[in-house]
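To start, the structure itself, in structure tokens.
Just so you know, all these numbers are worked out from the coordinates, no wet-lab data involved. Worth saying up front: this structure is predicted, and the values here are computed from it rather than measured. Neighbour counts run over all protein chains shown; Cβ positions are idealised from the backbone, glycine included.
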């Protein structure tokens, strides 16, 4: 039986886009301050989970929800289980959008919305791949579980709970990254640096804030300072930004000055793709007459963190031949006079090192400043051999449908694929397409969405026959 996968997707294009736009309208950002027993992560993620499962039931699938944190759409029977792992939560929209982030729009062949490429668009493409397999009545000799998490952008609580309570899948993929395939993911750990708050000097740092999440390069940062005059700061600021890829402004707030920087957001897996507004702000401020802990906070940020995503300033830069470089993203900044400050650093580390190496390198620098370290959860590096049948099958489908040569790759991003020993990330972003994940005006090309759906449909059919 020869199947024209592209034609099958085209038949369902309008329905696919309608379902996806329904999902994209849901502001499914985690907000535990609004959490309830039924919606532990807040109403947005729960609403998105419920809606996706409702779509599955509408199409004749069995569904199950797990504690308001995760759920699955089930199909097929067999001794083995294929898992397809997506997520319905999204990053905060942040600033800088020219479109409305939760009112999806299609312009020039691009679908714009928060979640269009990470991960509602790819998840819907994979779901429609499964839907096509079901509607064509293709042979299915394995269980299929399309599993949806609600906390991928933060602590993975949804998928962690699911894997605690449900049978473990045997193999699978996550449609939450890039084509042709990701068979290796670096380890992931964050550290919070805690600074004291002494601040008595001629110039005082009243507050310093930047960043939304540890896994985003901060686009925006602001500081409120006392003891400086507007004219001199305005002149210095203009000279500072003249040759730098950031924007800045200063304004009076009562008797104080508020200085704001705008950089470029990016995914923390490659901080070099962004421009960190927080470190640029510290670089500008560090030469003013701040004192004590405020000076340490600014000096450390400017001298150690600015443009040092490879940790060369700390002497712990490291590269593995297969997995690449250790990377660091300074994702969240917060300082308040008299109370202290925090900087949250997110690391993606290859095999050959671990979180203890990173902690030791940090401690060597910050301990003499009276700074303490808090360590977050650790994800170890993950790698599936390229000769594994899962990898070979998925690459074979990709080659057939695109006509392109394809090989596995390793990334700094973390996907649900790492939750399975035989788990990979498979699409949905194609080579050459701008990566707007975690950025303003996030988009996914409509033709890429449809092509990914065709690839997913054939891949699922191949993996379960």
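Applying 0.36 nm per residue to the separation of residue 18 and residue 3 and subtracting their alpha-carbon distance, the gain on full extension is 3.0 nm.
Divide by every residue of the chain the summed helix terms, -39500 (n - 2.57) for each DSSP H run of at least 4, and state the resulting mean residue ellipticity at 222 nm, rounded to the nearest 500 deg cm²/dmol.
-9000 deg cm²/dmol
With both labels modelled 7 Å from their Cα along Cα-to-Cβ, the residue 256 to residue 155 distance reads 3.0 nm. Summary of the geometry: region 362-429 and region 205-267, compared by the centres of their Cα atoms, lie 34 Å apart.
Please report the antiparallel percentage of DSSP beta bridges with both residues in the chain, rounded to the nearest 5.
Working: 71 of 89 bridges.
Of the beta bridges lying entirely in the chain, close to 80 percent run antiparallel.
Do you know the relative contact order of region 29-104, to the nearest whole percent, from alpha carbon pairs under 8 angstrom that are 6+ apart? Before the final figure, lay out each step's value.
Working: 72 pairs, mean separation 20.0, N = 76.
Across region 29-104, relative contact order equals 26 percent.
How long is the gain from residue 11 to residue 54 if the chain were fully straight, where each residue apart is worth 0.36 nm and the alpha carbon distance is subtracted? Spell out each step's value before the answer.
Details: separation 43, 0.36 × 43 = 15.48 nm, distance 2.15 nm.
Going from the current span to full extension adds 13.3 nm.
Would you work out the relative contact order for region 269-394, in percent, from Cα pairs under 8 angstrom that are 6 or more residues apart? Averaging sequence separation for qualifying contacts and normalising by length gives 18 percent for region 269-394. Given (1) 23.5, 70; (2) 26.1, 87; (3) 23.4, 80 as candidate values of Rg and Dmax of the Cα atoms in Å, which corresponds to the one derived from the coordinates? The listed entry that was calculated here is (3).
Helix 355-366 and the longest principal axis of the C-alpha atoms of the chain enclose an angle of approximately 10°. Between the helical axis of 13-24 and the longest alpha-carbon principal axis of the chain there is an angle of about 40 degrees. Just to confirm my numbers, what's the Cα centroid distance between region 282-339 and region 84-132 in Å? First find each Cα centre; the distance between them is then 32 Å.
Summarising the overall dimensions of region 252-367 from its C-alpha atoms, the Rg and Dmax are 15.5, 55 angstrom.
Using a simple spin-label model with pseudo-atoms 7 Å out from Cα toward Cβ, residue 239 and residue 201 lie 1.9 nm apart. Using C-alpha pairs below 8 Å separated by at least 6 residues, the relative contact order for the chain is 24 percent. Each of residue 192 and residue 25 was given a label point 7 Å from its Cα along the Cα-to-Cβ line. The distance between the two points is 3.7 nm. With a Förster radius of 45 Å applied to the C-beta separation of residue 409 and residue 339, the computed FRET efficiency comes to 0.55.
Between 0 and 90 degrees, the angle of helix 120-135 with respect to the longest Cα principal axis of the chain falls at about 10 degrees.
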